[in-house]
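First comes the structure, then the notes that go with it.
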Amino acid sequence: MLRFIAGLVRPYRGTLLIILLAMMVETLMSLAAPWPLKIILDNVVSDRHMAPWLHRFLSPLLEHGNRLHIALVAACLYVLISTLGALASYIDNYFTESAGQWVAHDLRMRMYNHLQRLSLGYYNTHQTGPIISTLTTDIQTIQGFASSSTLDILVDMLTILSMLVLMFWLNWDFTLIAVAVTPFLLLFVSRFKKAVKTATHEVRKEQSEIMAVVQQGLESMQVVKAFGQEATEENLLKTVSQATVSAALKARSVKALLSPVVTIVVAICTAIVLWRGAALILTGAMTVGSLTVYLAYLSRFFKPVKDLATTTNAIAQVTVGVERVRGILDTDTILPEKPDAVEPGNIRGEIEFRNVAFGYDPSTPILKDVSFHIKPGEFVGIVGATGGGKSTLVSLIPRFYDVSSGSVLIDGVDVRDYKLKGLRDHIGYVLQDTVLFHGTIYENIAFGNPHATREEVMEAAKLANADEFIARMPKGYDTMVGERGSTLSGGQRQRIGIARVMVRNSPILLLDEPTAALDSESEKLVVEALEALMKGRTVFAIAHRLTTIRDATEILVIANGVVAEDGSHEELLKRNGIYADLYRTQFDTTPDQAVS
């Protein structure tokens, strides 16, 4: 954990040095703060001579030992000490906040960059809620510890050592009381570390569950309302929220015990010093000012001890946060990019699968031995039973996943030999349900090519049959769409999705049942847009409605993890195999009738 924290703060060594110096000045001013009071009590209120070293320090400011002058000097020293302490505190807080925010920013960007590079397989097995919780709550915990708590621990240790020296100098036998108690106090606190960490881990886990439940409920609000399941969702949140409360209360019962124990120990030590100090004052062996200074140091001595003790809570919390962050950063499902990977250049669109096998779980293969070869500019239809691996096959082309064995080649080069971003820049993707982002229609189309001009975006929208409904909107292309495009119809979202791919101008096009959820009128407009989009491109179209791929150059029938049949629409109908059965089921006709 400490190595991880050290790596985060290393870029801000200069800022941390400023914070450390400011903290040390604060500590020195804290050590000096009781001395003006001692001067007042011993040299103004009482008639005792100053210690020689103190007299030499103040002699330039004193006039014939006048007590009011001594009081004035002591008061001025107190103001000076307080001012320097306040200025150091300001510098400390200012730069601590700055360093903390940048540490959090760096870690947040590092995590998000890592999440962007993970394969889709990671998101198939991990909930979004806990990931968001780690990006927010856990990073915030690490931020505070990295920027201030680590230096606080160092300064607390220096403060303890400094005060021990001064306390031994003032009265060594009193100091032995504090020295004798401190190890037992720290030992007592350390016994709670494991319990605090366990309790904190449980709290964070339940908080992540809340995030997951709320996110799922809000994203599925239309379905929840449609089925009247508001009460079910509320009860689900109630269950996880109550579990969070229980975990938090359990953690509180552990943490709350630390402070009272430390306070009682401090009170006992202070009581002993008061009793013994009163006896020494009565015998003349100690002055009131010395006892006052010693009591001030005693309270200040136990403050860093108490801080170090209660730091157990902070360490437990940040340990849990680091574990959760590293749980993401150490995930090794990143698609590797070879050091000598090349940019694709001008891709023609020739695609070949050679003995490809793949499974999300290695023990359960989805594709077993898939081989085919597609020439540039050909239109390939992919059909098969639900769950047969159609979408999986298409997702291997842009390397959303890597093959378990075999290879996928584009223009004769294994896709693993291309730079990943360059590869995907040459591939357009239209999904069954186009995902739109919160923003304007223009921004959603330009998402396909951020460098496109406004004219290019509008031209893409016209080719996608989207311009006609965009023009009717209140602000045209600058109209805001709701989250995930909820303010648009399915057909409108699909046409924006097609425009997004058009403005990308990719030589390879992947269509994953883009018209499956549309009505007849919307489907007609989308099909027209797709026909314009497909011209001159290598196209893979996953089809449920077989009419959409009748004109395909080649149709691949996926069954039991292999290409069971391939050929044109007419050829497959004549074979009277799987494709013919699918056609007959869908159109209630015989293959002979379909061919004729």
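Just a few scattered comments:
- Exactly one residue out of Val189, Val223, Val196, Val214 is modelled with pLDDT of 70 or more and either surrounded by 16 or more Cβ atoms within 10 Å (Cβ to Cβ) or more than 22 Å from the chain's Cα centre (by Cα) (or both), and it is Val214.
- Count of residues meeting criterion [among the aliphatic types (A, V, I, L, M) and under 15 Å from Pro507 (Cβ atoms)] in region 334-352: 2
- Condition met for Ile264 (modelled with pLDDT of 70 or more, of a type in the set (Val, Ile, Thr), part of a helix (DSSP H, G or I) and surrounded by 12 or more Cβ atoms within 10 Å (Cβ to Cβ)): no
- Any hit, region 334-344, residues being among the basic types (Lys, Arg) and surrounded by fewer than 20 Cβ atoms within 10 Å (Cβ to Cβ): yes
- Among the residues of region 423-459, those identified as surrounded by fewer than 16 Cβ atoms within 10 Å (Cβ to Cβ) and more than 27 Å from Leu335 (Cα to Cα) are His438, Gly439, Thr453, Arg454, Glu455.
- Considering region 375-414, and only residues there that are at positive phi and of a type in the set (D, E, K, R), the residue that is surrounded by the most Cβ atoms within 10 Å (Cβ to Cβ) turns out to be Arg399.
- Residue within region 384-405 that is among the β-branched types (Val, Ile, Thr) and farther than 27 Å from Gln494 by Cβ present: yes
- Yes/no for Gly490 being of a type in the set (Gly, Ala, Ser) and crowded, with 16+ Cβ neighbours inside 10 Å: yes
Okay, residues lined up against (1) at pLDDT below 75; (2) charged (D, E, K, R):
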residue	(1), (2)
Leu291	no, no
Ala296	no, no
Ser299	yes, no
Lys303	yes, yes
Thr312	yes, no
Ala316	yes, no
Arg324	no, yes
Ile328	no, no
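- When the criteria are applied in full, Gln143 fails the requirement of being assigned by TED's automatic domain parsing to the domain that holds Leu37, surrounded by fewer than 18 Cβ atoms within 10 Å (Cβ to Cβ) and either over 30 Å from Pro34 (Cβ atoms) or not charged (D, E, K, R) (or both).
- Single match in Asn465, Asn449 (criterion: outside any helix (DSSP H, G or I), under 26 Å from Leu396 (Cβ atoms) and not assigned by TED's automatic domain parsing to the domain that holds Glu513): Asn449
- Against the conditions (1) modelled with pLDDT of 75 or more; (2) touching a helix residue (DSSP H, G or I) at 6+ places or on another chain (Cβ under 8 Å), Arg117 satisfies every one except (2).
- Test: residue in region 31-39 that is assigned to a helix (DSSP H, G or I), surrounded by 12 or more Cβ atoms within 10 Å (Cβ to Cβ) and either modelled with pLDDT of 85 or more or β-branched (Val, Ile, Thr) (or both): yes
- Residues satisfying the stated conditions in region 93-116, i.e. in contact (Cβ under 8 Å) with a residue 40 or more places away in the chain and either of a type in the set (Phe, Trp, Tyr) or exposed (fewer than 13 other Cβ atoms within 10 Å of the Cβ) (or both): Phe95, Gln101, Trp102
Let's see how each residue does on (1) at pLDDT 85 or above; (2) more than 45 Å from the chain's Cα centre (by Cα):
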position	(1), (2)
Val503	yes, no
Ala529	no, no
Ala543	no, no
Arg550	no, yes
Ile558	yes, no
Asp581	yes, yes
Asp588	no, yes
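The values are calculated or read from the model by the stated rules, or taken from the named source; none is laboratory data. Remember, predicted model here, so these are calculated numbers, not experimental data. Please note: Cβ atoms are built from the backbone with ideal geometry, for glycine as well, and neighbour counts cover all protein chains shown.
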